[in-house]
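The structure under discussion appears below in the form of structure tokens.
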Amino acid sequence: MRGERVAILESRLGRELAELIAKRGGRPFHAPALAEVPDVDSAYIARLVAELASQPAKIAIFQTGVGTNALFKTTDALGLTGELLALLAKTTVVVRGPKPTAALRARSVRIGLSAKEPFTTAEVLAALAAVSLASERVLVQRYGVTNVELEEALKARGAEVIEIPTYRWALPQDTAPLAELLDALAHGEVDAVTFTNAAQVYNLFAVAERLGRADRLKGDLNRTFIASVGPVSSTALQNFGVRVGLEASPPKLGPLVAALDEALSH
């Protein structure tokens, strides 16, 4: 990357992403834009497991590895993991990508349907296209926010959607690095920005809005090379009028950094 300064908004895997960029000659600027806040209600999970014994779900959709593990950690503490596994054995389990797949396989859960790359809501719905959902119960493991597109599509097909909150996204307690990033962008001191989650886009603009700099941010980003991990992040950027310079394929950190390295080396 020949010394280009690359902003990283990733939180959980921010250090790993910074190391990947540094190994390719870039100068990482880490400004975490996201905090994962636990949002599991043990009492709700206990009631849900008991209810599903008499009113089973036909489909269970798992969207993230973090959320899947959080659910099982809760049932472990409640002593209800055996009951949950028995219920899932009678359910068509649908996974959105490799991370929930790995989390479920670690618990020996049989996976019925898998979304294809790039693992967006569209691919989840495509996997379910041939399944009758009218008057059926569908469990949806929620990630940072409610997947409105998924839930509305399921309800439109007649399903009763039961959401399982596991964690939610929030702004980090310390937003000073994001404010520093806004300054650096304004002064042309950043060569590229990586977005690995749509919520990072919303949170960055939320901080800019709070500081009265949202309009300036749009222009600054459009003067900077923007690298998106996949179509969901790209759509969020486009919704704010930001041009995407590249989108990783497949939507993973390694391909993102490789594509960014190639783009910045020309």
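Bear in mind these aren't lab numbers, they're just calculated from the coordinates by the rules spelled out. None of these values were measured; they are calculated from a predicted model. Here the Cβ positions follow ideal geometry from the backbone for every residue, glycine too, while neighbour counts run over all protein chains shown.
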Sorted peptide list for 99-111, 64-76, criterion being average Cβ within 10 angstrom, highest first: 64-76, 99-111
Per DSSP H run of at least 4 residues, take -39500 (n - 2.57); add these up for the chain, divide by its residues and hand me the 222 nm value, nearest 500 deg cm²/dmol. -14000 deg cm²/dmol
Holding the Cα-Cα limit at 21 Å, pick out from K99/K155; K23/K99; K73/K252; K58/K155 the pairs that are longer than that. K99/K155; K23/K99; K73/K252
Most packed first (mean Cβ within 10 Å per residue), the peptides 21-28, 238-245 order as 21-28, 238-245
Cut-off 11 Å between beta-carbons: net charge of the residues surrounding A179, Lys and Arg +1, Asp and Glu -1: -1
What is the sum of charges around S132, taking Lys and Arg as +1, Asp and Glu as -1, for the other residues whose C-beta is under 15 Å from the C-beta of S132? +2
